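Novice: Have a look at this one before I ask anything.
The values are calculated or read from the model by the stated rules, or taken from the named source; none is laboratory data. Nothing here was measured: the structure is a model prediction, and the numbers come from that model. Ideal geometry is used to build each Cβ from the backbone, glycine not excepted, and the neighbour counts take in all protein chains shown. Just so you know, the surface numbers come from the protein's heavy atoms only, side chains and all, with ligands and any DNA or RNA stripped out. Shrake-Rupley method; radii C 1.70, N 1.55, O 1.52, S 1.80 Å.
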Amino acid sequence: MKIANGHELIQLFESWSPKSFALKDDPIGLHIGQLNSQVQNVLVTLDVTLDVVQEAIDQNCQLILAHHPPIYRPLKNLRTDTPSGKMFSLCIKHDIAVYAAHTNLDVAPGGVNDLLAEALELQQIKFLDETYAEPLMKLAVYVPSIHAKELRKQLGVVGAGQIGNYDSCSFSSSGTGRFKPLVGSNPVIGSLNSLEELEEEKVEVVFASSMKSKILKTMYAIHPYEEVAFDLWTLESKTGQQGIGRVGFLQQPMSLDLFAEKVKQQLNVPFVRVVGEATTIIRKVAVLGGDGNKYINTAKRAGADVLITGDLYFHVAQDAQALGLSVIDPGHHVESIMKIGVSEKMNKMCEEKKYACTFIASKISTEPFRQL
């Protein structure tokens with residue numbers, strides 16, 4: 001087993017929850033400290049508070065992975081006589097780095113919103129609102145027919161030609177290639193100043209734009225020619241669609257109030273706020289961890305009977321009521337479901353990678369409210 005440093009662990013985490021999934025201007029990433037040091041323990045938390053940092057110290061953690069960014073707005077100062085300043089100071093004093101994964105963890109498959117949807121036992125789960133899609137690119141490369149099979153194979157190995165649930169997809173057309181090697185060339189086939197003709201294939205594959213460097217590197221490594229003739233362009237088609245929130249169906253329809261009780265039980269919260277008539281029948285459910293005030297119209301367009309989200313504003317609740325959309329607000333702290341979910345996921349990934357690192361779910365509750 002290898003003791004990884006912070007960079008290696010965050011690279012592993014971002015292979016599951018990449019920064020590209022985050023919504024615009026979301027302050028994700030490294031907030032405090034540095035990632036060069038070796039990391040044996042990571043504390044996973046919803047929020048970073050003084051108590052949470054002390055817990056990290058007690059658990060011998062070198063890194064804190066938080067869902068809510070501790071620096072959400074630009075700092076005007078860094079005073080150590082304020083609660084937040086004391087928290088920053090304690091992290092620096094004990095050389096504890098803090099990394100924030102916010103909306104990218106909301107969007108990621110298996111992230112916050114999937115954890116909530118699965119806890120509520122929703123079926124046929126889809127994302128609520130598409131927020132990410134990657135352009136497809138297309139490569140057309142001309143290669144001698146006798147080398148075409150190996151080129152197609154190796155391009156497929158590195159991920160070219162993946163379409164839905166199929167991989168190694170390609171198209172070939174045959175033709176005659178012509179070229180004349182000039183002085184200074186070092187041809188694999190042909191002679192200087194002599195026009196050559198041979199049977200070639202045009203091999204065409206598509207791939208996600210983020211894979212461009214890897215695909216071209218593989219093409220150059222496998223292709224026999226000194227100068228490779230190819231075309232490359234960006235398509236209108238997209239791939240890798242992801243989205244914020246989830247929507248799915250209940251196993252059995254039930255009344256709004258009965259479902260609200262189920263939400264309390266399954267999400268382990270003492271109370272919920274409810275918008276809508278008690279007897280409204282709920283079949284389709286939208287869920288969005290955190291603040292979902294901007295998504296009532298999206299939930300309604302998705303055909304949801306109810307939206308489960310936190311921090312519901314008074315006038316937004318009235319708007320939802322006017323739309324005929326029920327809402328259940330279990331509070332923002334319900335996102336703490338990520339502590340165990342992320343810890344289990346990362347411990348499994350570390351085991352597969354043979355990293356000697358343990359992700360620990362914080363036991364500190366950062367819920368500021370109590371019920372009277």
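Novice: Within region 350-372, can you find the residues that are under 21 Å from residue 60 (Cα atoms) and either at pLDDT below 95 or in contact with a strand residue (DSSP E or B) (Cβ under 9 Å, 6 or more places away or on another chain) (or both)?
Specialist: Hits for region 350-372 are 350, 354, 355, 356, 357, 358, 359, 360, 361, 362, 364, 366.
Novice: Here's another thing I want to ask about it. Could you list, in sequence order, the residues of region 13-45 that are within 17 Å of residue 347 (Cβ to Cβ) and of a type in the set (Asp, Glu)?
Specialist: If we filter region 13-45 for residues that are within 17 Å of residue 347 (Cβ to Cβ), which is where we start, we get 13-17, 39-45.
Passing the criteria: only 14.
Novice: Looking at residue 147 and the list (1) open to solvent by 40 Å² or more (accessible area, probe 1.4 Å); (2) within 18 Å of residue 302 (Cβ to Cβ), which single condition is not satisfied?
Specialist: The failed condition is (2).
Novice: Return the pairs, sorted by first residue and then second, in which the second residue is open to solvent by 70 Å² or more (accessible area, probe 1.4 Å), the first residue lies in region 343-371 and is under 28 Å from residue 269 (Cα atoms), the beta carbons are less than 7 Å apart, and the residues are 6+ apart or on different chains.
Specialist: Here the result reads 360/59; 361/340; 364/51; 371/270; 371/271, each pair linking region 343-371 to a residue that is open to solvent by 70 Å² or more (accessible area, probe 1.4 Å).
Novice: Being acidic (Asp, Glu) and under 19 Å from the mean Cα position of the chain (by Cα) is the filter; apply it to region 73-117 and report the residue that is farthest from residue 36 (Cα to Cα). Give the steps one after another, and end with the answer.
Specialist: Our first condition is that a residue be acidic (Asp, Glu); within region 73-117, this holds for 81, 95, 106, 114.
Okay, now just the ones that are also under 19 Å from the mean Cα position of the chain (by Cα), so 106, 114.
Working: 106: 27, 114: 32 Å.
So the residue we want is 114.
Novice: Quickly run through region 274-315 and pick out the residues that are touching a Pro at 6+ places or on another chain (Cβ under 8 Å), at pLDDT 95 or above and under 28 Å from residue 372 (Cα atoms). Steps first, answer last, please.
Specialist: Here is the first cut: in region 274-315, the residues touching a Pro at 6+ places or on another chain (Cβ under 8 Å) are 281-283, 308, 310.
Next, only the ones that are at pLDDT 95 or above stay: 281-283, 308.
308, the sole residue that qualifies.
Novice: Would region 138-153 turn up any residue that is free of Cβ contacts under 8 Å to residues at least 24 places away in the same chain and under 19 Å from residue 214 (Cβ atoms)? Walk me through how you get there before you give the answer.
Specialist: Step one: of region 138-153, the residues free of Cβ contacts under 8 Å to residues at least 24 places away in the same chain are 146, 149, 153.
Narrowing further to those that are under 19 Å from residue 214 (Cβ atoms): 153.
There is at least one residue in region 138-153 that is free of Cβ contacts under 8 Å to residues at least 24 places away in the same chain and under 19 Å from residue 214 (Cβ atoms).
Novice: I would also like to ask the following. Could you please find all residues in region 157-171 being part of a loop (DSSP other than H, G, I, E, B), open to solvent by 100 Å² or more (accessible area, probe 1.4 Å) and more than 14 Å from residue 136 (Cα to Cα)?
Specialist: Step one: of region 157-171, the residues part of a loop (DSSP other than H, G, I, E, B) are 158-162, 164-165, 167-170.
Okay, now just the ones that are also open to solvent by 100 Å² or more (accessible area, probe 1.4 Å), so 162, 165, 167.
165, 167 - these are the residues of region 157-171 that are part of a loop (DSSP other than H, G, I, E, B), open to solvent by 100 Å² or more (accessible area, probe 1.4 Å) and more than 14 Å from residue 136 (Cα to Cα).
Novice: Restricting attention to helices (runs of 4 or more DSSP H) lying wholly within region 233-339, give those where 1 or more residues are touching a strand residue (DSSP E or B) at 6+ places or on another chain (Cβ under 6 Å) and surrounded by fewer than 16 Cβ atoms within 10 Å (Cβ to Cβ). Give the derivation first.
Specialist: Working: elements: 256-266, 296-301, 314-323.
Of the helices (runs of 4 or more DSSP H) lying wholly inside region 233-339, those with at least 1 residues that are touching a strand residue (DSSP E or B) at 6+ places or on another chain (Cβ under 6 Å) and surrounded by fewer than 16 Cβ atoms within 10 Å (Cβ to Cβ) span 314-323.
Novice: Of the residues 62, 54, which is open to solvent by 60 Å² or more (accessible area, probe 1.4 Å) and modelled with pLDDT of 95 or more? Let's see the steps before the verdict.
Specialist: Working: 62 fails: open to solvent by 60 Å² or more (accessible area, probe 1.4 Å).
On inspection, the qualifying residue turns out to be 54.
Novice: If you don't mind, another one. Give the residue that is least open to solvent (accessible area, probe 1.4 Å), with candidates limited to residues of region 22-42 that are more than 24 Å from residue 78 (Cβ to Cβ) and without any contact (Cβ under 8 Å) to a residue 60 or more places away in the chain. Outline the logic, then answer.
Specialist: Here is the first cut: in region 22-42, the residues more than 24 Å from residue 78 (Cβ to Cβ) are 22-24, 38-42.
Retained after the next criterion (residues that are without any contact (Cβ under 8 Å) to a residue 60 or more places away in the chain): 24, 38.
Values: 24: 182, 38: 119 Å².
Applying the filter and picking the extreme gives 38.
Novice: I'd like to verify a number: residues in region 340-372 that are in a loop (DSSP other than H, G, I, E, B) and either open to solvent by less than 30 Å² (accessible area, probe 1.4 Å) or in contact with a helix residue (DSSP H, G or I) (Cβ under 6 Å, 6 or more places away or on another chain) (or both), how many? Write out each step before concluding.
Specialist: Initial filter on region 340-372 (in a loop (DSSP other than H, G, I, E, B)): 354, 356-357, 362-372.
Now drop any that are not either open to solvent by less than 30 Å² (accessible area, probe 1.4 Å) or in contact with a helix residue (DSSP H, G or I) (Cβ under 6 Å, 6 or more places away or on another chain) (or both), which leaves 357, 362, 364, 366-367.
Result for region 340-372: 5.
Novice: Out of the residues in region 72-115 that are touching a residue at least 40 places away in the same chain (Cβ under 8 Å) and polar (S, T, N, Q), state the one that is farthest from residue 258 (Cα to Cα).
Specialist: It comes out as 104.
Novice: Taking residue 118 as the residue in question, decide whether it is in a strand (DSSP E or B) and without any contact (Cβ under 8 Å) to a residue 60 or more places away in the chain.
Specialist: no
Novice: Among the residues of region 189-215, how many are touching a residue at least 12 places away in the same chain (Cβ under 8 Å) and either under 15 Å from residue 137 (Cα atoms) or surrounded by fewer than 12 Cβ atoms within 10 Å (Cβ to Cβ) (or both)? Working first, answer last.
Specialist: From region 189-215, those touching a residue at least 12 places away in the same chain (Cβ under 8 Å) are 189, 193-212, 214-215; that's our starting set.
Next cut, either under 15 Å from residue 137 (Cα atoms) or surrounded by fewer than 12 Cβ atoms within 10 Å (Cβ to Cβ) (or both) only: 193-195, 197, 203-212, 214-215.
Within region 189-215, residues that are touching a residue at least 12 places away in the same chain (Cβ under 8 Å) and either under 15 Å from residue 137 (Cα atoms) or surrounded by fewer than 12 Cβ atoms within 10 Å (Cβ to Cβ) (or both) number 16.
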